Each structure stands twice: as structure tokens, then as C-alpha cells.
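Bear in mind these aren't lab numbers, they're just calculated from the coordinates by the rules spelled out. Source: prediction; values computed, not measured. Here the Cβ positions follow ideal geometry from the backbone for every residue, glycine too, while neighbour counts run over all protein chains shown.
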Amino acid sequence: MLLRRVMEQVRAQNWFAVGVDLVIVVLGVFLGIQMGNWNESRLEKAQSVTFTRLLEHDLHADAARYRDVAAYYTSVRDNAVRALGALEGEAPLSDEALIIAAYRASQVALVPINRSTFDELVSTGRINLITNPGLRAMAIEHFGFNYIASAAADGRQSSYRNLLRETLPPEAHRAAREHCGDVDSAEIVALDYPCSLGLSAATIHHSANALRAERAIPASLRHRSNELDIQIRDLITRAAQLDRASSAEER
């Protein structure tokens, strides 16, 4: 319709009307482009707010998870200290208590972190939607190095864990795992709850003596305890960093 009218005005040499129609066309195109840009900008801003809040939530949750894992490893370290004290004669334990402490000193926390928001941002190339540079940098650093996974890998590969499994009789190891190990729960449960192996006195005594007879266990327990001290400190420090980064937007 507009094109037909312009052609009619040209044939009639009504240049003023032609100019008005062209201005209308240009203005319409310009306003259409601006409206599209505005809608795109508004959508991007909304996505930025949404993803920022999701990422903040994930980092807060991981900070809490890090503290829970630090508490778990504190109980593992305490058991290592108790077992070492008993083996070196500084703080005697009963045969059963020694087996339990020695087993718990070998435990690791296998806990995942929530990477879904971060991975979506990276895989879709939208990490720059996180406009807070501190939050973005912490997320990249955090998901690039998982302290929980690192601590678990160190624990599973520790000389003490391997030595314990070589030394403790299978029946005692199985009983410790079933009755005194990790609790099947959605939450991380520290290893400080009371338990009993449910084995005969003779089996318990034999198993405890096997631990006492292995000369390499005290040194490996000291190494495990010192390693745990570092891991606990790192987990608590990282938890504080995650909280600070994920709270910066609110301030």
C-alpha cells in the first residue's frame, strides 16, 4: 500500500509527499530495529539476573557443603589421632575402639558439587552474563579445582588407607564399614556417632593385635593426620571465599 502510494506521488511529481512517505518508512525501520535491540537487551539483562542468582545459590550451597566436609574430615583426623595415641601407648583404647578409630581414620568424603548452572553458562558461551567480575572469577576458579574431590583423591591414595586394608582382617574391615562407616544419608554425617562391630571378643582381639604388630602404621597415621589438617584448613578457607564472592552482588 505504501509503495503504491509512493509510486503515485512520484508520477504526480508530488515530491513533498514522497519525502514524507520515505521519512515514515525510514522512521518505521529505525523504530523496529530499536525495539528489537531494546527487547534483546531487556532479555539479556533478565537472563543475567537469573543466572547470577542461580550461580550465587550454587556457590552458597557449595560453601555449606565445604564446611560439612571439613567437619567430616575433622572427625576423621580425630580418629587418626586417637588411633595413633593408642598404638604409641599415649592414650590406650580398647581393642574394639582401636579398630573403629583406625578404620575411620581411613575414610574419605565422596560428595558432588552442583556444576549445572556454571556448565550451562560455559557450554553456551554466556559466561559474560555474569557481570560481577569477582563472582565470575570465583566461579571459574571454584569449578576449575574441586577441593572436595582433591581431598577424596588424596585420601583414597594415601599410604595409610592402603596399609590399613592390607593389615586389618577382612571380617573386621567389613564390620567396621557396615556398622561404623559412612551413614547412608542425604546429608554429610561426621564419624563421631557410637557404634559396635558386632564381632566376637576373640576376633576383635586378633584384629587389634594385627594393627599393633604393623610397625609402619604409626608413621602413616601421622602423615594422614597432618594431611587432613591441611585439607580441613583449605576447605574452610575456600568456603569463606565462596560466601564472600556470592554475597558481593547483594552488598
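Here is how the numbers come out for the structure above:
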| item | result |
| --- | --- |
| Furthest towards positive pole of dipole, 63, 205, 150, structure part segment 58-247, Cβ charges | 150 |
| Protection proxy ranking, peptides 194-204, 57-67, average beta carbon neighbours within 10 Å, highest first | 57-67, 194-204 |
| Given charges at beta-carbon only (K, R positive; D, E negative), |dipole| of segment 58-247 in Debye | 360 debye |
| Gain on full stretching of the segment that runs from residue 46 to residue 165 - 0.36 nm per residue minus C-alpha separation | 37.4 nm |
| Spacing of the two label points (7 Å from each Cα toward its C-beta) at residue 88 and residue 192, in nm | 2.2 nm |
| Rg(Cα) / (2.2 N^0.38 Å) computed for segment 58-247, rounded to two decimals | 1.20 |
| Segment residue 185-residue 57, extension gain: residue separation times 0.36 nm, minus the distance between their alpha carbons | 43.9 nm |
| Sites matching GluC sites (Glu not before Pro) across segment 197-251 that sit in DSSP coil, with at most 13 neighbouring C-beta atoms within 10 Å | 250 |
| Pair residue 223, residue 131: separation of 7 Å Cα→Cβ label points (nm) | 5.2 nm |
